[in-house]
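Inspection log for the structure reproduced underneath, given as structure tokens.
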Amino acid sequence: MHRVFVRIKEKLFRQGPVFHNYLLPYKLGIYFLNVLIKLQTFRKFRAAEIENFQALLEILDVPHNLHDELINHYLFTNTWQHWKSLHYERPLIFQKYWKLENKEKVKRHYQNQQVIIFLYKHTPLSNQHLSLIRFGLRMKFVGLGNTHSKNFLALNGQEDLPREVMDSPHKYPKLVRNQQLRKIISVLNNTEGYAINYFFDGQEGSSFRYGRIGNLHYRLSTGLLRFLRPHTQLIMVEPLFALDGSVAVQFHEIKRLGNFDEQFDEVQNYYERTLLATLPALNEYMISCLLKNHHAVKNSN
């Protein structure tokens, strides 16, 4: 019986109201979500996660009078991800609730036959960059991302993988990732507008740059340097989730510099400037990685 209650709470307090092909309507769900995140039972169930988030706030020396507001926003953003994702995969819902700032400026790069490298932090809705490019910007794209979801691979233009790989992609992560890399190299060699999606906040890859924000030690992946060309444009994508269910997406251009290391300096400066403001949008996985990185570096000194 205990296991049954745990599964019910997991469904209610994490995944959201998804029942086979039925989803609770978006506007109604947002109302219930705002009520849910304030319940004591909910907060007790997510206590370890809240504790991790508070630890990160302490390391960053965030004033205590801001903690409650940031925790509420974090819980709102990090709850019912599956329910939200399914809604955002529907064009009408996406276009109604996602507002894209600086969209025209971004599209000009695309129309000028540049390859745009969109850079993202890991958030609960990281897969929504597919909806962003398909429904919002309407660009041809390929991305370094999920290697185990059949649905993701199809949306990412990888449906030409062998049938046995598409049926069980989690068994072939290296093959899937290699195809993503080959497609990106092919795109970079073309002379037409294209988009590449890349998560830059340092939890994947083999080469990293370490940095420090106050008391926090972090690392960023430098793997994107191999993709930079004279005709590429780096653009940061920052989705800001509001408590009314709307999502405002801000695009920030990174200066085009001849020296690629200097260009990465701009990426790092942006990350440090915006981390605190965008902290509630980071997911549990990312929060844990930041804490682990911090303590690993600190304990090695």
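The values are calculated or read from the model by the stated rules, or taken from the named source; none is laboratory data. All values reported here derive from a predicted model rather than from experimental measurement. Because the Cβ atoms are built from the backbone with ideal geometry, glycine has one as well, and the counts that use them run over all protein chains shown. Note: accessible area is taken over every heavy atom of the protein model, side chains too, but ligands, DNA and RNA are not part of it. Shrake-Rupley method; radii C 1.70, N 1.55, O 1.52, S 1.80 Å.
If you go through the range 219-244 and keep only what is more than 30 Å from V187 (Cα to Cα) and more than 17 Å from the chain's Cα centre (by Cα), you end up with L243, D244.
Mind listing whichever residues of the range 189-208 are open to solvent by 60 Å² or more (accessible area, probe 1.4 Å) and within 26 Å of L276 (Cβ to Cβ)? Correct list: E204, G205. Of all residues in the range 82-103, those that are within 13 Å of L130 (Cβ to Cβ) have Cβ atoms under 6 Å from Cβ atoms of residues that are of a type outside the set (A, V, I, L, M, F, W, C) and at pLDDT 90 or above, 6 or more apart or on another chain, in F94/Y88.
Among the residues of the range 95-113, none qualifies, meaning not one is under 30 Å from H170 (Cα atoms), open to solvent by less than 60 Å² (accessible area, probe 1.4 Å) and either touching a helix residue (DSSP H, G or I) at 6+ places or on another chain (Cβ under 7 Å) or in the same structural domain as L279 (by the TED database) (or both).
When Q128 is tested against (1) assigned to a helix (DSSP H, G or I); (2) within 25 Å of E253 (Cβ to Cβ); (3) open to solvent by 50 Å² or more (accessible area, probe 1.4 Å), just one condition goes unmet, and that condition is (3). Going by the structure shown, is Q180 in a helix (DSSP H, G or I), at pLDDT below 85 and buried (at least 19 other Cβ atoms within 10 Å of the Cβ)? Considered against the rule, which asks whether it is in a helix (DSSP H, G or I), at pLDDT below 85 and buried (at least 19 other Cβ atoms within 10 Å of the Cβ), Q180 comes out as no.
Checked against the criterion of being closer than 30 Å to Q111 by Cβ, touching a Gly at 6+ places or on another chain (Cβ under 8 Å) and either in the same structural domain as T191 (by the TED database) or not polar (S, T, N, Q) (or both), the range 222-242 has at least one qualifying residue.
Show the residue pairs meeting these rules: Cβ distance below 6 Å; 6+ apart or different chains; first residue within the range 239-267 and more than 30 Å from H87 (Cβ to Cβ) and open to solvent by 60 Å² or more (accessible area, probe 1.4 Å); second residue modelled with pLDDT under 90 and not aliphatic (A, V, I, L, M). Cβ pairs passing all conditions: K255/E266. Scanning the range 131-158 for residues that are under 19 Å from S221 (Cβ atoms) and open to solvent by 10 Å² or more (accessible area, probe 1.4 Å) yields a total of 4.
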